[in-house]
Amino acid sequence: DSKRRQALAIAFSRLPDPDSLQTTIFEMEMLGEDVVELLAKTTLLGPEEAQLMLSMESEMPAGVAWDRPEKYLLALADIPHVECRLTCWYLRTSGQMKKDETREWIGVLTRAVQVLDGSAPLKNFLGVVLTVGNYMNGGTNRGQADGFGVDALGKLSTVKASSDSNGTLLQFICNMFNKKYPGELQKLKADVAATAPAARVHLADSESAFRLFSNEVKSAIQMVEKVKANPVKEYKGHSPDPLAETVPAQMKALSEELDAIAVEVQGATESYEKLLVKFAVSGNARTKPTTDFFEIGKVLRWIYLSATSTGQIFQVPIVCTHLFGLLEWTISEACAPGSSLARVILLGVARALLSPPLAKQQQQALGGTAPWESFMPAPVLVH
């Protein structure tokens, strides 16, 4: 394979000469992590391939020799238990990085879950959203809801105010929340800031990668145990064999650390899935990725920016006031001397079609157009 040969030639150009490389790999020392990883992921020669190349080498004319890739592949094939040796070396050197990476995303995810689960400002804000939603849907089968889907938060800014072309339902809710719970917008901002890093954690992929690495360590331990039962006593004047002497204890210690971290991984996954249940989101760590769910953090940050960038209050016309006024006028007309039923009906229809939703005198009597909050009960969030 010409492509494989070219890739090997480039990779092996960074290595010491074949004889020195054999000694270094047998002793499992004095090579950088990147070189060890490169060798561990190299497809080595099998026993039959190595024997065939040695036979071909014995038949080569004088002055003809293998090129660099073939020389190094033959040198590697000559090292006892080379595949096990390189695998253990790679796992041992990359183990610390894998542990650090895993603990980092566990911490990020755990902090985000704790914030969303225990944030009082967030609960109060969702309570306001629920109350407003129930008021808007009053009289329909969608009213008197005990909760709402998290996706609804992203739609708040799409509902426009009827009296202000720039106002939105989101702005009204934010202003209402700020009046109901003074100072909690800043606390809400601080809380949701902790959820932002969690949106970059691919929980299912990270968990899968960790378990794969852990299983590779366990498989390597099984290979080491076989070598330990039949150790190499000496190789090119070097002994004892670290693969049988020191590596088994190192791999066992690494495996035990990974087992302890696996418990933390399981705990983080379970806490995330419990949060999904609490937010009434169907799915688990695989069907509802953290990268999707924690986008709620973006929505909440938009909410904060919306609340702090405008002082406008979202207001709606009090249509019911107009209807009561029309009813009052109809009754007075019907009771007037000389009024006929047909006249009352005709004038009533005309008044209903031509009158604005709020007559000026009605607004003055009510102190101006009232925002929704004048009708709102205290927010209640159902747990």
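Looking for whichever is in a helix (DSSP H, G or I), touching a Lys or Arg at 6+ places or on another chain (Cβ under 8 Å) and either in contact (Cβ under 8 Å) with a residue 40 or more places away in the chain or open to solvent by 80 Å² or more (accessible area, probe 1.4 Å) (or both) here; the options are Lys98, Lys189. Which one fits? Quick ask: steps written out before the conclusion?
Working: Lys98 fails: touching a Lys or Arg at 6+ places or on another chain (Cβ under 8 Å).
Lys189 is the lone residue from the list that is in a helix (DSSP H, G or I), touching a Lys or Arg at 6+ places or on another chain (Cβ under 8 Å) and either in contact (Cβ under 8 Å) with a residue 40 or more places away in the chain or open to solvent by 80 Å² or more (accessible area, probe 1.4 Å) (or both).
Kindly indicate the residue of the stretch 226-242 that is outside any helix (DSSP H, G or I) and touching a helix residue (DSSP H, G or I) at 6+ places or on another chain (Cβ under 9 Å) and also surrounded by the most Cβ atoms within 10 Å (Cβ to Cβ) among those meeting that condition. Show your work before the answer.
Here is the first cut: in the stretch 226-242, the residues outside any helix (DSSP H, G or I) are 230-241.
Checking the rest, the ones that are also touching a helix residue (DSSP H, G or I) at 6+ places or on another chain (Cβ under 9 Å) come to 230-232, 235-238, 241.
Values: Asn230: 8, Pro231: 14, Val232: 16, Tyr235: 16, Lys236: 11, Gly237: 6, His238: 13, Asp241: 22.
My answer is Asp241.
Yes or no: the stretch 144-154 includes at least one residue that is open to solvent by 20 Å² or more (accessible area, probe 1.4 Å), closer than 26 Å to Gly107 by Cα, assigned to a helix (DSSP H, G or I) and at pLDDT 80 or above. No: the stretch 144-154 contains no residue that is open to solvent by 20 Å² or more (accessible area, probe 1.4 Å), closer than 26 Å to Gly107 by Cα, assigned to a helix (DSSP H, G or I) and at pLDDT 80 or above.
Given Ala40, Ala77, Ala62, which one is without any contact (Cβ under 8 Å) to a residue 60 or more places away in the chain, open to solvent by 20 Å² or more (accessible area, probe 1.4 Å) and in contact with a Gly (Cβ under 9 Å, 6 or more places away or on another chain)? The match here is Ala77.
For the condition among the acidic types (Asp, Glu) and open to solvent by 60 Å² or more (accessible area, probe 1.4 Å), what is the one hit in Glu207, Glu184, Glu245? If you could, list the steps in order and put the result at the bottom.
On the way: Glu207 fails: open to solvent by 60 Å² or more (accessible area, probe 1.4 Å); Glu184 fails: open to solvent by 60 Å² or more (accessible area, probe 1.4 Å).
On inspection, the qualifying residue turns out to be Glu245.
When Thr287 is tested against (1) open to solvent by less than 70 Å² (accessible area, probe 1.4 Å); (2) under 30 Å from Leu156 (Cβ atoms), just one condition goes unmet, and that condition is (1). Of all residues in the stretch 57-88, which are farther than 24 Å from Lys3 by Cβ, of a type in the set (Asp, Glu) and at pLDDT 90 or above? Answer for the stretch 57-88, where residues must be farther than 24 Å from Lys3 by Cβ, of a type in the set (Asp, Glu) and at pLDDT 90 or above: just Asp78. Select, from Met30, Met56, the only residue that is surrounded by fewer than 16 Cβ atoms within 10 Å (Cβ to Cβ), among the hydrophobic types (A, V, I, L, M, F, W, C) and under 27 Å from Gln250 (Cα atoms). Step by step, each of Met30, Met56 is checked, and only Met30 is surrounded by fewer than 16 Cβ atoms within 10 Å (Cβ to Cβ), among the hydrophobic types (A, V, I, L, M, F, W, C) and under 27 Å from Gln250 (Cα atoms).
Taking every residue in the stretch 122-149 that is under 16 Å from Asn175 (Cα atoms) and pairing it with any residue that is of a type outside the set (A, V, I, L, M, F, W, C) and modelled with pLDDT of 85 or more, at least 6 positions away or on another chain, the pairs with Cβ-Cβ distances below 6 Å are Asn124/Tyr181.
Per-residue answers, yes or no, for (1) over 23 Å from Leu258 (Cα atoms); (2) out of contact with any strand residue (DSSP E or B) (no Cβ under 8 Å at 6 or more places or on another chain); (3) among the hydrophobic types (A, V, I, L, M, F, W, C):
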| site | (1), (2), (3) |
| --- | --- |
| Pro18 | yes, yes, no |
| Glu29 | yes, yes, no |
| Val36 | no, yes, yes |
| Leu39 | yes, yes, yes |
| Val82 | yes, yes, yes |
| Gly95 | no, yes, no |
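Could you go through the stretch 197-208 and let me know if any residue there is of a type in the set (Asp, Glu) and either assigned to a loop (DSSP other than H, G, I, E, B) or in contact with a Leu (Cβ under 9 Å, 6 or more places away or on another chain) (or both). No, the stretch 197-208 contains no residue that is of a type in the set (Asp, Glu) and either assigned to a loop (DSSP other than H, G, I, E, B) or in contact with a Leu (Cβ under 9 Å, 6 or more places away or on another chain) (or both).
Residues in the stretch 115-143 that are in a helix (DSSP H, G or I) and loosely packed, with under 14 Cβ neighbours inside 10 Å: Gly118, Ala120. Look at (1) aliphatic (A, V, I, L, M); (2) buried (at least 16 other Cβ atoms within 10 Å of the Cβ); (3) part of a loop (DSSP other than H, G, I, E, B) and you find that Met223 fails only one, number (3). Just name the residue that is most open to solvent (accessible area, probe 1.4 Å) out of those in the stretch 1-27 that are modelled with pLDDT of 85 or more and charged (D, E, K, R). Looking at the filtered set, the residue picked out is Asp19. Out of curiosity, is Lys179 outside any loop (DSSP other than H, G, I, E, B), within 29 Å of the chain's Cα centre (by Cα) and charged (D, E, K, R)? No.
The values are calculated or read from the model by the stated rules, or taken from the named source; none is laboratory data. Everything numeric here is computed off the predicted structure, so don't read it as measured data. Here the Cβ is made from the backbone with ideal geometry for all residues, glycine too, and neighbour counts use every protein chain on show. Surface areas here come from the heavy atoms of the whole protein model, side chains and all, with no ligands, DNA or RNA. Shrake-Rupley method; radii C 1.70, N 1.55, O 1.52, S 1.80 Å.
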